[in-house]
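The values are calculated or read from the model by the stated rules, or taken from the named source; none is laboratory data. Quantities reported herein were computed from a predicted structural model and do not represent experimental measurements. Every residue, glycine as well, gets a Cβ built from its backbone with ideal geometry; the counts of neighbours run over all protein chains shown. When the accessible area is computed, the model is the full protein with side chains, heavy atoms only, and any ligands, DNA or RNA have been set aside. Shrake-Rupley method; radii C 1.70, N 1.55, O 1.52, S 1.80 Å.
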Amino acid sequence: APMLEVIDVARRFSVTPAVRGVSLTVWPGEVTCLLGPSGCGKSTTLRMIAGIEHLDSGEIRVAGQRVADPRHEVPPERRPVGMVFQDLALFPHMTVAENVGFGLPRTRGSAEQVAHLLGRVGLLHHADRYPHQLSGGEQQRVALIRALATRPRVMLLDEPFSSLDQRLRVEMRELAADLLREAGAAVVLVTHDPDEAMMMADRVAIMWEGRIRQEGTPLELYRQP
Ligand code: ADP
Ligand code: ADP
């Protein structure tokens, strides 16, 4: 069964609608990229899935359960949804390990899970550092595993690598792709970079002025003129 179903959602801030009837179906372990120019409604769509933006119409389901429609919205902290946003900072007063463990019960199992994830991204030796003592790429890795630590059903990434330089970006894409595949969540990745979409996506939805204009596998879209 699909893990994430976005059904005809719309959102208007002013006269011009930001999102006008977007639908998406994402299966467990699948990465869907929302690709499109700045202002086409990608972030607003992601924020509605996360529960930090209201819907004017439509419906969102996670694992078959309705989490949002215009009349009822499950708050973000009660959705099995993880997020990595470009500007979603780590908690500055918490160590790396505390950041990753935030939201987990205080058990031995959780501590082991945190250590496993830190090892997975090569940061076990930085567990007791504070975020400002890490490089940008290291902070990004911590943000990614923090979002994965609670084992979310759905993972949302909004331009997660855009602040990194080219070499780090390529490295992070590969690491993130591996981690996301292992996690088995339904992933929605927002990007305006076609290379990133082609490299990471199982399916690509190309957005334009609040709508999905084309949708398919990278190969299908690449073949089209
Ligand atoms: P993208 O992520 O594709 O760049 P957004 O979803 O951020 O696009 O924005 C879509 C449109 O909605 C843009 O015209 C943007 O200016 C507008 N918008 C987004 N958020 C708000 C907001 N909180 N208030 C008013 N307008 C907004
Ligand atoms: P803004 O641009 O409005 O600050 P953010 O994306 O930073 O938007 O966050 C909007 C709201 O969503 C904030 O109230 C924040 O506490 C909440 N939020 C952000 N990330 C998470 C998360 N991972 N889990 C739960 N709530 C979150």
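So the values come out like this:
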| read-out | value |
| --- | --- |
| Test: residue in segment 21-31 that is within 8 Å of ligand 1 (Cβ to nearest atom) and either touching a Ser or Thr at 6+ places or on another chain (Cβ under 8 Å) or of a type in the set (A, V, I, L, M, F, W, C) (or both) | no |
| Test for residue 48: is it at negative phi and open to solvent by less than 40 Å² (accessible area, probe 1.4 Å) | yes |
| Residue count for segment 62-89, restricted to those that are in contact with a helix residue (DSSP H, G or I) (Cβ under 7 Å, 6 or more places away or on another chain) and part of a helix (DSSP H, G or I) | 1 |
| Options 17, 80, 28: the member that is within 24 Å of residue 176 (Cα to Cα), touching a Gly at 6+ places or on another chain (Cβ under 7 Å) and either without any contact (Cβ under 8 Å) to a residue 24 or more places away in the chain or not polar (S, T, N, Q) (or both) | 28 |
| Restricting segment 90-112 to residues that are open to solvent by less than 70 Å² (accessible area, probe 1.4 Å) and outside any loop (DSSP other than H, G, I, E, B), the residue that is farthest from residue 139 (Cα to Cα) | 109 |
| Matching option when the condition is away from ligand 1 (no atom under 16 Å from the Cβ) and touching a His at 6+ places or on another chain (Cβ under 8 Å), among 133, 113 | 133 |
| Residue in segment 69-76 that is at pLDDT 95 or above, within 12 Å of ligand 1 (Cβ to nearest atom) and open to solvent by 30 Å² or more (accessible area, probe 1.4 Å) present | no |
